[in-house]
1. Straight-line reach from residue 261: which lysines have Cα under 29 Å away, leaving out those fewer than 8 places along the same chain?
2. For the pair residue 248/residue 292, report the inter-label distance in nm, with labels modelled 7 Å from Cα in the Cβ direction.
3. If R₀ is 35 angstrom, what is the calculated FRET efficiency for the pair residue 339 and residue 241, using the beta carbon separation as r and rounding to 0.05?
4. Please give the FRET efficiency for residue 270 paired with residue 393, using the beta carbon to beta carbon distance and R0 = 45 Å, rounded to the nearest 0.05.
5. If R0 is 35 Å, what FRET efficiency do you get for residue 187 and residue 83 from their C-beta distance, rounded to 0.05?
6. Largest first and in whole Å, give the semi-axes of region 275-422's equivalent ellipsoid, each being the square root of 5 times a Cα gyration tensor eigenvalue.
7. Counting other beta carbons within 10 Å of each residue's own, what order do 329, 386, 190 fall into, fewest first?
8. Which whole-number percentage describes the relative contact order of region 275-422, with Cα contacts under 8 Å and a sequence gap of 6 or more?
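All of the numbers you see were taken from the coordinates with simple rules; none came from a lab. All of these numbers come straight from a predicted model, not from anything done at the bench. Neighbour counts are summed over all protein chains in view; Cβ atoms, including those assigned to glycine, are modelled from backbone coordinates with ideal geometry.
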Amino acid sequence: MKSLSLILALGIFALPLTGCVVNPVTGKSQLSVMSPEQEVAAGAQNYVPAQQSQGGQYTVDPGLTAYVQRVGKKLAAVSDRPDLPYEFVVLNNDVPNAWAMPGGKLAFNRGLLIYLEDEAQLAAVIGHEIVHAAARHGAQQQTRNILMGAGVLLAGIAVAEKSPEYGALGAGALAVGSQAWQAKYGRNDELESDEVGMKYMAKAGYDAQAAVELQEIFVKLSEGRNTGFIEGLFASHPPSQERVAKNRQHATKYPGGVRNKEAYQKAIAQLTKDKKAYENYQKAQKLAGEKKYIDAMAYVDQSIAQQPKENLFWEMKGQLFLQQDKTNEAVTALDRAIQANPGYFKPYVFRGIAYNQLKKNDLAEKDLLTSQRYLPTQIAAYYLGEVSSAKGNRAQAAKYYQQAAEGGGEIGEAAKGKLGKLQ
């Protein structure tokens, strides 16, 4: 939502240049727009919204997140900034990606973990991301952006919508995907994170050769034009033969370490078991985008049969029912989505829309406000305007329509039309 982006952007621009600070990893002085304390505060402020915008936390198997956290804490303890308030989450997102926010807030997509073979390769990913946080790469990118007049790194969460009418939303609406948080690190930052990440791996007892293998996997996949990787991990961490060669050179400095393949495969066993269910879900998304809703429903039903605990499957089923004007059935499916993961914003939006269509305004308002607490979106603001208008609260409706209008696009235009009728 543009208003949220603007608030965060202005907040960052309001920060004074703090002058020279010491890079904890290199020991060199560098100009920074953010103090270490401001880094931590910025990461804490943006961490949860970024998670929400990218599928929310993966909840089907909490043990996987606990496993990633154990490996992450082991690496953080041997990093150059062990006292950062590190956090590690697994996101419920098919796109292969991982990212680190300033202040040690890290995330790893479900869609990336399925490609890794053992714990050492996981350690290579985590170690690399920890270096981005420890070496203050996010803060440095922010400083470069401001000095170059190129905008801000912490620009908030932009949520794209297609139409204010629920029938035209499409199952792919509320398009909050992999791009909500992705720092475009420079070549030197990437190489530094590779090198120092391998040092962290070795200090934690892992085989640094896994970092070489990791880059080889990424290069192979990029050459194969794997769209998910190109849109996800490759957009912020571009692979190259140069990185493979340098990692191979750095690996010679370290003795062999543990791989823990059996432990890793056990940790991702549920993901492996559910792989077909997520593939069917992706097919359903594609078909829904083509407005083949009945065919999409068939794939979603297969996904649910394979893994009934996955909230994303129930959420899509609810959206597909909305497309077919089966509003009561949509509410039932969205109930299941919320039961499966009550801490994710998206099904509240769609259930709120469904309740609005059923003229259950109090229930609609409750759901839409709940969604806004997790992640403010333009579409929720629009429908809160609808609810307020139906309740006869013209002033409140105008406020919500104004918020939606600021987001631009078709919804923004529709909101402006509603505002005009209120005047």
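1. Within reach: 73, 74, 105, 199, 203, 220, 246, 253, 273, 275, 276, 309.
2. For the pair residue 248/residue 292, the computed spacing is 4.3 nm.
3. 0.15
4. The pair residue 270/residue 393 has a calculated efficiency of 0.45.
5. 0.75
6. Computed over region 275-422, the values are 30, 15, 13 Å.
7. Exposure proxy ranking, most exposed first: 329, 190, 386.
8. Across region 275-422, relative contact order equals 13 percent.
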